[in-house]
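Remarks on the structure that follows.
The values are calculated or read from the model by the stated rules, or taken from the named source; none is laboratory data. Predicted model only: the values in this text are computed from it and were never measured. Here the Cβ positions follow ideal geometry from the backbone for every residue, glycine too, while neighbour counts run over all protein chains shown. Quick note on the areas: whole protein, heavy atoms, side chains included, nothing else; ligands and nucleic acids left out. Shrake-Rupley method; radii C 1.70, N 1.55, O 1.52, S 1.80 Å.
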Amino acid sequence: MTVAFVLDRAAAVLTLAGPHRPRAGKAMGDLCILEDASVAVSDDGRIAWVGSAHNLDVPGDPPRIDCRGKTILPAFADAHTHLVYAGARKDELEMRLAGADYEAILAAGGGILHTVEATRAAGEDALVAATLARIDRMRRAGTTTFEIKSGYGLDLATELRQLRAARRLSDEHGVRVRTTCLAAHAFPEDVRAGRRSRDAFVDEVCDTILPAVARENLADYADVFCDRGAFSVEEARRVLERARGLGLELRVHANELGPTGGAALAAELGAVTADHLLFVDDDDRTRLRAAKVTAVLLPGTSLVLGKPFADGRAFVEAGVPVAVATDSNPGSCAIESLALVLALACYGNRLSPAEAIVATTHNAACTLGLAHEVGRIEPTMAADLVVLATDDYRDLVYHAGSPLIEAVYSRGRRVDRPADETASP
Ligand SMILES: [Zn+2]
């Protein structure tokens, strides 16, 4: 092992050192901070060493990057996105700002079905290129790990194309991506128009789309939008049980629009995550905790849609592990910066800044099966790091939106600059 470079003498290194499991309760705020500390990165893109600067012990004389006055933390992991899509919905944004409601737009045949139409018409290369542009911006904002869902095809060919595009981001472009089949995102146009039954579409998802996805190993997870105006608990159960039978782990869009039973279903089926969770009660929280389901909160969507924020404090106090993600998608929230959403998780979901950092790094990585790889700063883990131009991580919340992120590394390589500048640390 050769040390490629050292991030030297940072005012603070947020190591988050600790076990691989998701943090809950009081442990949600454990950042394990080292002061006047250094991080050595090996030439294979891993953390070689971390500790007090005056104890630095690495072979050779690697370049040292002066990090005095700065903070180093694990790069962010975005555990809930819909990044592979074509087309934008900025006109719809203006309609909503003028007073139209998301569900009303959907009921009128707008919303997600516009994205479905555009995505069905887009080729795989175009989807890859459009998504890479989004990922480039997100990396500059500190995110190096991405969960990406399908769900803008609602038919076999397009769902497969979206997932293949997401896999190519990883295989051809080195982006760390975990994929989720969300074929049960909405009912397609022919079901809405009454030309096909709801059951027939659920059959297509269960009998055709999910088996094809599993055969090509295109998804790590399956997800269902189980909510008012979308899939019922019984429809969602069919899809999720079928997915689990095919070897996929489960995530569930639950209780965003009403207390519709999605959270209880996620607990009953032992899903990895239940996401959104605006309308939950003590009983739901008890079930989620008992089933070790992580609550994924998406405060950007609440902000953009003008909805209430999920009660993050209540989840922490109930001992449910919490992750926070962008939900980045063309309709309900196209915000890409998880650094900004981290601040919203404090102002909206009432997490502490420390809890919000755990929720966007280690806990998010746990939900993606990557706790051994990213989310903490420990030897042998990937050198996915953010350097902040401040000695106090709370500035991410205090000065939310300010350009505090000075450098972003993924596997030891700078990813926050144009390609021709990435050769040096
Ligand atoms: Zn979503």
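Exactly one residue out of Ala183, Ala214, Ala219 is in a strand (DSSP E or B) and either assigned by TED's automatic domain parsing to the domain that holds Asp125 or buried (at least 22 other Cβ atoms within 10 Å of the Cβ) (or both): that is Ala183. Regarding the stretch 311-323, can at least one residue be identified that is of a type in the set (Val, Ile, Thr) and either touching a Phe, Trp or Tyr at 6+ places or on another chain (Cβ under 9 Å) or within 16 Å of the ligand (Cβ to nearest atom) (or both)? Yes, because at least one residue in the stretch 311-323 is of a type in the set (Val, Ile, Thr) and either touching a Phe, Trp or Tyr at 6+ places or on another chain (Cβ under 9 Å) or within 16 Å of the ligand (Cβ to nearest atom) (or both).
Every condition in (1) over 26 Å from Arg161 (Cα atoms); (2) part of a helix (DSSP H, G or I); (3) not basic (Lys, Arg) holds for Leu240 except the one numbered (1).
Of everything in the stretch 293-310 that is small (Gly, Ala, Ser) and more than 11 Å from the ligand (Cβ to nearest atom), the residue that is surrounded by the fewest Cβ atoms within 10 Å (Cβ to Cβ) is Gly306.
Listed by first and then second residue, the pairs with beta-carbon distance under 9 Å, at least 6 apart or on different chains, first residue in the stretch 141-154 and at positive phi and open to solvent by 10 Å² or more (accessible area, probe 1.4 Å), second of a type in the set (Ser, Thr, Tyr) and away from the ligand (no atom under 11 Å from the Cβ), form an empty list. Only residues that are under 20 Å from Thr81 (Cβ atoms), open to solvent by less than 10 Å² (accessible area, probe 1.4 Å) and within 15 Å of the ligand (Cβ to nearest atom) were counted across the stretch 232-259, and they come to 6.
Filtered by the rule that a residue be more than 17 Å from Leu368 (Cβ to Cβ) and touching a residue at least 24 places away in the same chain (Cβ under 8 Å), the stretch 243-258 gives Arg244, Leu246, Ala254, Asn255, Glu256, Leu257, Gly258. Of all residues assigned to the stretch 351-365, at least one qualifies as being open to solvent by 30 Å² or more (accessible area, probe 1.4 Å) and part of a helix (DSSP H, G or I).
Report yes if Arg168 is within 21 Å of Glu249 (Cβ to Cβ), open to solvent by 10 Å² or more (accessible area, probe 1.4 Å) and more than 16 Å from the ligand (Cβ to nearest atom), otherwise no. No: the conditions fail for Arg168. Taking strands (runs of 3 or more DSSP E) as the structural unit, those lying wholly within the stretch 71-162 and holding at least 1 residues that are within 16 Å of the ligand (Cβ to nearest atom) correspond to 76-78, 143-149.
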